[in-house]
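Contents: one structure, followed by commentary.
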Amino acid sequence: MTHRPGATTRSGVPARPGGAPAGLRPGWLVAGLVAVAVALVVGVSLGPVSLPPLSVAAELLNLIPGVRLDSGLSEREIAIVTELRLPRAVLGLLVGGLLALAGGCYQGVFRNPLADPYLLGVAAGAGLAVTTVIALGGAALGAMPVTVPLAAFGGALGAVLMTYLLGSAQGRHRSPVTLILAGVAVSAFLSAGQTYLLQRNADSIQQVYSWLLGRLATAGWGDVRMVLPYFVITVAVVLLHRREIDVLSLGDDEATSLGLHPQRSRYLLIAAASLGTAAAVAAAGLIGFVGIIVPHALRLLAGSSYRVILPLSLLFGGAFLTLTDVVARTVAAPGEIPIGVVTALLGGPFFVLVLRTSRRLTV
């Protein structure tokens with residue numbers, strides 16, 4: 001049996017010419033791992049005290065059991081690497097990977113090229129929940145209790161549900177723009193609630209405001225340990241079900257005929273993506289457009305199958321945010337630009353480009 005370009009396999013997964021299912025090529029996987037390694041070394045090397053990249057790479061390799069290399073760094077410099085910069089760089093990898101993975105997942109589940117945690121109101125819902133915990137419960141951002149990401153998860157799920165219901169008002173014939181407009185409306189509503197809450201608790205404004213703009217500042221490994229369990233759960237669920245997203249892209253009727261339960265798969269994937277978004281927001285604040293930039297760039301370069309897009313979004317999303325953080329803390333040194341501002345400057349024009357070039361959009 002032969003397949004035409006653009007055809008699908010029996011399971012509904014996009015296929016390459018010749019009948020082989022579109023899958024993750026080893027070259028792209030290696031490229032993603034190299035991007036992560038480069039971002040990690042660059043993120044640890046650059047700062048108020050610049051360190052030689054090769055020495056930093058050697059010191060990072062020394063963290064592997066059984067490896068012992070002479071990095072040439074002093075004890076003070078080693079402490080800077082392992083206790084200050086490395087936790088921040090690793091947090092950037094986790095948060096960026098989660099946001100890019102969630103963006104790709106939402107785009108596939110909603111069959112909408114513009115879906116993104118920030119634009120769907122998911123980040124705003126998580127942000128309102130975290131603000132509530134901080135303002136009313138007195139949680140400190142530097143030592144975040146377990147209630148913060150759990151509250152963010154509840155807020156994220158509530159927001160995506162509101163957006164989905166509001167965007168479904170036009171029925172099955174709604175355009176992709178409708179869902180985004182619903183997300184904008186939900187975000188505005190939740191942001192108004194957040195502003196009111198901060199006005200009623202003025203002592204929390206400065207603490208919450210710096211967090212809202214997005215930041216990866218960390219005093220150690222605490223935030224990394226907080227995000228890691230949610231990262232593992234989100235990545236496991238989404239990647240294990242990434243083939244189902246390819247099937248969902250065919251439509252519910254076709255997916256059902258192929259033996260898939262569309263609503264059950266959709267709810268599971270939405271919950272997993274919202275959990276990852278909530279953990280990212282709780283740790284780093286509102287960082288927009290990562291879920292638009294990374295999956296779309298990969299879709300243009302590596303193919304349209306979510307079997308390819310999602311694992312690569314995880315790798316390149318982490319590398320992207322870590323390198324963006326380097327820009328945020330060096331371009332205006334000794335000051336620091338909020339990382340959310342940098343991603344917005346990059347993501348705004350990219351969003352306009354996607355909006356103009358997407359053939360699926362109708363107003």
Original post:
In region 1-43, which residue that is of a type in the set (Val, Ile, Thr) and modelled with pLDDT under 95 is farthest from the chain's Cα centre (by Cα)?
Top reply: 2
**OP:** Looking only at region 109-118, decide whether some residue is open to solvent by 10 Å² or more (accessible area, probe 1.4 Å) and within 21 Å of residue 150 (Cα to Cα).
**Re:** yes
Original post:
Considering region 43-70 alone, what residues qualify as being open to solvent by less than 50 Å² (accessible area, probe 1.4 Å) and either in contact (Cβ under 8 Å) with a residue 24 or more places away in the chain or under 22 Å from residue 94 (Cβ atoms) (or both)?
Top reply: 43, 44, 45, 47, 51, 56, 57, 59, 60, 62
Subject >> Which listed residue, of 331, 294, 281, is closer than 12 Å to residue 214 by Cα and not polar (S, T, N, Q) >> reply: 281
Subject >> Unmet requirement for residue 335, which otherwise passes all of (1) modelled with pLDDT under 90; (2) open to solvent by 50 Å² or more (accessible area, probe 1.4 Å) >> reply: (2)
Subject >> Residues of region 309-332 satisfying the condition of being under 16 Å from residue 95 (Cβ atoms) and modelled with pLDDT under 90 >> reply: 329
Subject >> residue 232 under 17 Å from the mean Cα position of the chain (by Cα), at pLDDT 85 or above and assigned to a helix (DSSP H, G or I) >> reply: yes
Subject >> Residue list for region 46-77, restricted to those being outside any loop (DSSP other than H, G, I, E, B) and either among the polar types (S, T, N, Q) or within 30 Å of residue 230 (Cβ to Cβ) (or both) >> reply: 55, 56, 57, 59, 60, 61
**OP:** Determine whether residue 227 is aliphatic (A, V, I, L, M), touching a Cys at 6+ places or on another chain (Cβ under 6 Å), surrounded by 15 or more Cβ atoms within 10 Å (Cβ to Cβ) and within 25 Å of residue 321 (Cα to Cα).
**Re:** no
**OP:** Just one of (1) within 18 Å of residue 116 (Cβ to Cβ); (2) in contact (Cβ under 8 Å) with a residue 24 or more places away in the chain trips up residue 217, so point out which.
**Re:** (1)
Original post:
Among (1) assigned to a helix (DSSP H, G or I); (2) surrounded by 23 or more Cβ atoms within 10 Å (Cβ to Cβ), which single condition is residue 287 missing?
Top reply: (1)
Subject >> Evaluation of residue 305 against (1) open to solvent by 10 Å² or more (accessible area, probe 1.4 Å); (2) in contact with a helix residue (DSSP H, G or I) (Cβ under 9 Å, 6 or more places away or on another chain) (one fails), failing number >> reply: (1)
Original post:
If you go through region 173-195 one residue at a time, do you hit one that is at pLDDT 80 or above, touching a Pro at 6+ places or on another chain (Cβ under 9 Å) and either surrounded by fewer than 19 Cβ atoms within 10 Å (Cβ to Cβ) or more than 26 Å from residue 299 (Cβ to Cβ) (or both)?
Top reply: no
Original post:
With (1) free of Cβ contacts under 8 Å to residues at least 40 places away in the same chain; (2) within 22 Å of residue 221 (Cβ to Cβ) as the list, and residue 326 as the residue in question, which single condition is left unmet?
Top reply: (1)
Original post:
Among (1) open to solvent by 50 Å² or more (accessible area, probe 1.4 Å); (2) in a helix (DSSP H, G or I); (3) not aliphatic (A, V, I, L, M), which single condition is residue 274 missing?
Top reply: (1)
Subject >> Members of region 238-259 found to be open to solvent by 10 Å² or more (accessible area, probe 1.4 Å), aliphatic (A, V, I, L, M) and part of a helix (DSSP H, G or I), listed by number >> reply: 239, 240, 247
Original post:
So which residues in region 135-156 are more than 28 Å from residue 105 (Cα to Cα), in a helix (DSSP H, G or I) and either at pLDDT 80 or above or of a type in the set (Gly, Ala, Ser) (or both)?
Top reply: 135, 137, 142, 143
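The values are calculated or read from the model by the stated rules, or taken from the named source; none is laboratory data. Every value quoted in this text rests on a predicted model; they were computed, and no experiment measured them. FYI the Cβ positions are ideal-geometry reconstructions off the backbone, even for glycines, and counts take in every protein chain you see. All accessible areas refer to the heavy atoms of the entire protein, side chains included, with ligands and DNA or RNA removed. Shrake-Rupley method; radii C 1.70, N 1.55, O 1.52, S 1.80 Å.
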